[in-house]
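Peer 1: Pasting in a structure now, in structure tokens, and then I'll have a few things to ask.
The values are calculated or read from the model by the stated rules, or taken from the named source; none is laboratory data. Quick caveat, the model's predicted, so the values are computed rather than measured. Neighbour counts run over all protein chains shown; Cβ positions are idealised from the backbone, glycine included.
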Amino acid sequence: MSDLRAVIAGIGSYLPERIMLNAEMATIVDTSDEWIVERSGIRQRHIAAEGEYTSDLAIHASQNALDHAGMSIDEIDMIIVATTTPDETMPSTAVKVQAALGMVRGAAFDIQAACSGFVYGLSICDSFIKSGQANTILLVGAETLTRVVDWKDRATCVLFGDGAGAVVVQGRTDADDRGIVATELRSDGRQHDILYANGGPSTTGTAGAIQMKGKEVFRQAVTNLSGVIVDVLKKTDYEQADIDLLIPHQANKRIIDSVAKKMGMRGDQVLVTIADHGNTSAASVPLAMDQAVRDGRIKEGDILLLEAMGAGLTWGACVLKW
Ligand code: ACO
């Protein structure tokens, strides 16, 4: 019998119906399709409908992941939702997902690591599974970020979108060497002021809106993400050349390109889906990965490297064999 491995048994995603093209954005703030595409790579974003909440997006993505895994909710021991935009201050969005999916056992909770939430979640799943506390975990990244942007600030509102992605992570001893190989997490709370929301339950009693020093975030992202890729690979027997697909957090195409260039990776080794949905924070990595699974770019046995950075600052990476 081989070692216990945390394997991705299924994946799904969901984007709200309403699409806002850059041209429509230009009717709200002083911007242009040309500027947004050139500086970020974004062509459109999806916007949750009135009355459609983060939990609703998470439920759709979760159901799609369960269907892809061929599993029912009865097989899930734990639900973890990574989100910066929960439905309510309390309880967690995860317990709303739990109730909606009809799960009446186990545990459900949220984690908050901003855009790095999904990568943090994979590390938590790996640890819970390897310590025997859970065997089959539904991990969701879900956001309604368009609810926490300042729609008068053209430097931020053009970048973000709503969406959700989910995976079923299962402990298996017959997986050969498939599954999560290594994860690496980092944070630096001193960088708070370059990316934060100017509100919260304990400070203003409101959710606040995203404040960002774009150039500084850009600079930190390239340095930190390149560093964490090197560090996570050191924990494995793989080298950069072995990576079949880099699945970066979809924050800005220029950040993705800069990190890939610094790492010496070819264009075909890097997954870019940002044009279709903008920055969906904790949802962006599973959203991109789901797209690549469904269009056949990810095949069984592929070595994937996932990375993300977000407010905190937080950042992290995960190597997994699909
Ligand atoms: N449309 C038109 N002009 C704009 C817009 C806009 N939407 N936004 C800013 N500008 C203007 C600025 O006012 C400035 O004008 P000025 O030269 O007259 O002062 C000019 O464009 C250049 O602005 P910069 O901020 O210098 O533009 P930059 O090339 O740095 O691009 C951007 C800005 C896209 C925000 C970039 O810095 C960036 O992507 N940073 C990373 C931030 C990020 O990805 N955050 C996501 C959250 S964190 C994460 O997920 C990693």
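Peer 1: Scan region 185-205 and give yes if some residue there is away from the ligand (no atom under 16 Å from the Cβ) and buried (at least 17 other Cβ atoms within 10 Å of the Cβ), otherwise no.
Peer 2: Checked against the condition, which is being away from the ligand (no atom under 16 Å from the Cβ) and buried (at least 17 other Cβ atoms within 10 Å of the Cβ), region 185-205 yields no hits at all.
Peer 1: Please go through region 1-51 and pick out each residue that is touching a residue at least 40 places away in the same chain (Cβ under 8 Å), among the charged types (D, E, K, R) and over 30 Å from S131 (Cβ atoms).
Peer 2: Correct list: D30, R39, R43, R45.
Peer 1: Take region 144-161 and flag every residue that is within 11 Å of the ligand (Cβ to nearest atom) and in contact (Cβ under 8 Å) with a residue 60 or more places away in the chain.
Peer 2: Keep residues of region 144-161 that are within 11 Å of the ligand (Cβ to nearest atom), which gives 145, 149, 153-160.
Within region 144-161, L145, V149, D153, R154, C157, V158, L159, F160 meet the criteria.
Peer 1: Right, next: Name the residues in region 9-44 that are under 20 Å from N64 (Cβ atoms), in contact with a helix residue (DSSP H, G or I) (Cβ under 6 Å, 6 or more places away or on another chain) and of a type in the set (K, R), would you?
Peer 2: Result: no residue meets the conditions.
Peer 1: Would you check if A275 is farther than 15 Å from C115 by Cα, among the small types (G, A, S) and without any contact (Cβ under 8 Å) to a residue 24 or more places away in the chain?
Peer 2: Against the criterion (farther than 15 Å from C115 by Cα, among the small types (G, A, S) and without any contact (Cβ under 8 Å) to a residue 24 or more places away in the chain), A275 does not qualify.
Peer 1: Which residue is farthest from the ligand (Cβ to nearest atom), if the candidates are limited to region 206-246 and must be under 18 Å from the mean Cα position of the chain (by Cα) and of a type in the set (S, T, N, Q)?
Peer 2: Result: S226.
Peer 1: Contact list please: Cβ distance under 9 Å, first residue in region 65-79 and in the same structural domain as S13 (by TED's automatic domain parsing) and among the hydrophobic types (A, V, I, L, M, F, W, C), second residue surrounded by fewer than 18 Cβ atoms within 10 Å (Cβ to Cβ) and assigned to a strand (DSSP E or B), pairs at least six apart or on different chains.
Peer 2: Cβ pairs passing all conditions: M78/A107; M78/F109; I79/A107; I79/F109.
Peer 1: Oh, and also: Could you tell me which of the residues I73, I47, I79 is within 22 Å of A311 (Cα to Cα) and in contact with a helix residue (DSSP H, G or I) (Cβ under 8 Å, 6 or more places away or on another chain)? Spell out how you get there, then give the answer.
Peer 2: Values: I73 fails: within 22 Å of A311 (Cα to Cα); I79 fails: within 22 Å of A311 (Cα to Cα).
On inspection, the qualifying residue turns out to be I47.
Peer 1: Scan region 111-143 for residues that are surrounded by fewer than 24 Cβ atoms within 10 Å (Cβ to Cβ) and of a type outside the set (A, V, I, L, M, F, W, C) and jot them down.
Peer 2: Within region 111-143, Q112, S123, D126, S127, K130, S131, G132, Q133, N135, T136 qualify.
Peer 1: Here is a further query. Looking at region 298-315, can you tell me whether even one residue there is within 16 Å of the ligand (Cβ to nearest atom), modelled with pLDDT of 95 or more and charged (D, E, K, R)?
Peer 2: So far as region 298-315 goes, yes, one or more of its residues are within 16 Å of the ligand (Cβ to nearest atom), modelled with pLDDT of 95 or more and charged (D, E, K, R).
Peer 1: Quick test for you: out of A251, A283, pick the one residue that is in contact (Cβ under 8 Å) with a residue 60 or more places away in the chain, within 14 Å of the ligand (Cβ to nearest atom) and farther than 24 Å from E38 by Cβ. Show your work before the answer.
Peer 2: Working: A251 fails: farther than 24 Å from E38 by Cβ.
Criteria check complete, one pass: A283.
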